[in-house]
Amino acid sequence: MTDRTVLPGHPHIARIAGDLHVEGVPLQSLAREHGTPLFVYSKQWMLDALNAYRRGFEGRDAWVCYAIKANSSLGILRVFAEAGCGFDIVSGGELTRVLASGANPAKVIFSGVGKTRAEMKQALLANIGCFNVESEAEIDVLNAVALELGRRAPISVRINPNVDPKTHPYISTGLKGNKFGVAHDRAVPVYRHAASLPGLEVIGIDCHIGSQITASAPYLEALERVLDLVEAIEAAGIRLHHIDFGGGLGIDYNGETPPHADALWKLLLARLDIRGYGDRRLIVEPGRSLVGNAGVCVTEVLYTKPGEDKNFCIVDAAMNDLPRPAMYQAYHQIVPVAEKNGAPTTCDVVGPVCESGDWIGRDRALNVTAGDLLAVLSAGAYSMSMASNYNSRGRAAEVLVDGTRAHVIRRRESIEDQLRNEQFGT
C-alpha cells in the first residue's frame, strides 16, 4: 500500500512516499516543469469550501458571492462561475475580470468606498445586481450617473455597526474608526434620502466587519445591530428585500479554529428566524475562506546562511509574491516538499528582495540545503492578488490542479512583459 499522510487541516494536500502532492499531482514535478516560485491551487478544495456555505443556506433564498479581491486570477473565477457562484467586486477592473470568466452580472455586488463615475457607468451598463454604497456623497453621485444613463441603480447601504471583529487592525472594517460604511446612527436618514432619489432603487442593507474572523460572537453581535436597523428602516416605509452580511470568515493558518461556514450560518439563520427576517434573501461575500487553504506557494532554497544571532534560509519567493508576512506579520506554515533525514535548524525563511521586511517565516525548524523545495501553505488568498513587481521581479506562474490533471492558469511574467507598457520620455 502506498504511504499516504494527509497534512492536518489540509485534506487536499498529502505526502505520498514522502513527497508532497496537491490532490493527485506531485509538487516536485510541477516545480520542475514550471519553475519557482509557483502557486498551486486545489479545485476540489475550493468547491468543498463553497459547498459548506451552501449547506448552511439549504432551503433558503441565498447568494454566495465570492469576494474576488482574495484571488482574482481568471482560472479561479471560472471555477466559481461554473459553480453558479455570485461575485463581490471593488473595482471596474474586477468587474471586467468577472465578466470575462462567464459570470452572471445579475449576481455581481459592487462594494468599495471609492467608486468612480466611470466605474459606476460600467457597472450600470453591465446590469449588475447591486451597488453597496458606502457614503452619503456616493449616493448622490450614483444617482446622477444613473439618471444620465436613463437607469435606476439598485443599491444597499453598507452600515458600519461599530463591532470589534477581534482581528488584525489592518483588516478590521466595522469599527467607527474605519473608513468603511455609513455610521450606525446615520442609517435611517441616509436610507430616507436614498429612497427619495429617482435614479436609485433601494433593495437591501449591507454589513462587513472585517477579515480573518475566527469566532462566532462578532457575527452575532453585528447581526443583532443590523436587524435593529432593518426594523427601523422598514418602520420608515422602506422595504428591504435582502440582507447582505459580507464575508470575513477566517481560515486555519496556524491552529486557528474558526467556525465552519455551515455551522456559523445555521446559528445566524436561527437568530434571523427568531427576529422575523428569515424570509429575506441573504447575501454573503466570502473570499479568504473559499480560496485561502486551497493554495500553496512552492519555492526553492537558494542559500542557507548561518549567523551570529540568526540563521537564514534564503528562498526565491519574496514579499512581492507573498506580501502577508511583511504587511500583517502573518503566519504561514512552511513545510519541505520532500522529506529527508537529518536534524532541523532553526532559521528565518527570507526572500531575495532588498528589504529587511522581506521574510516569509520566523524561527522555523527546517532541515534544508540549497536546491531543496519548500511549500508555503494557506497561500491561496491575498498572495497573487497583492503581488507586485518590486525589484523588477516577475509575478509567479499559477497552476490549477483538478484530480490528477494540472492546468497553467497564469504563465510566469517575464521582464519583457514588465517593460511592454513603458517608454523613454525623450
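Of note:
- Cα centroid of segment 1-73 to Cα centroid of segment 127-162, whole Å: 36 Å
- DSSP finds beta bridges in the chain, and of those with both partners inside it, around 50 percent are antiparallel.
- DSSP-defined antiparallel bridges as percent of all bridges, segment 111-286, nearest 5: 5 percent
- Sorted from longest to shortest, the spans of the Cα atoms of segment 92-146 along the three principal axes equal 32, 17, 17 Å.
- Computed P(r) (all Cα pairs; segment 111-286; 10 Å bins; percent): 10, 38, 34, 15, 2, 0
- Among the helices of the chain, those built from whole DSSP H runs whose Cα atoms reach 24 Å or more along their own axis and whose mean Kyte-Doolittle hydropathy is at least -1.0 are 217-235.
- ALA17/THR96 FRET efficiency (R0 45 Å; Cβ-Cβ; nearest 0.05): 0.55
- Relative packing of peptides 204-212, 232-240, 340-348, 32-40 - highest average C-beta neighbours within 10 Å first: 204-212, 32-40, 232-240, 340-348
- Shown in residue order for segment 13-20 are the 3J(HN,Hα) couplings computed by the Karplus curve 6.51 cos²θ - 1.76 cosθ + 1.60 at θ = phi - 60°: 10, 9, 8, 10, 6, x, 9, 6 Hz (x for Gly and Pro).
- The listed peptides 268-276, 356-364, 103-111, ordered by packing as a protection proxy, come out as 103-111, 356-364, 268-276 (highest mean of other Cβ atoms within 10 Å first).
- The Rg/Rh ratio of the chain, with Rg taken over Cα atoms and Rh as the Kirkwood radius over Cα pairs, comes to 1.00.
Read-outs throughout are calculated quantities, based only on the coordinates presented, and are distinct from any laboratory measurement. What you are looking at is a predicted structure, and each value in this text was computed from that prediction instead of being measured. A quick note on method: Cβ atoms are made from the backbone with ideal geometry, for glycine too, and the neighbour counts reach across all protein chains shown.
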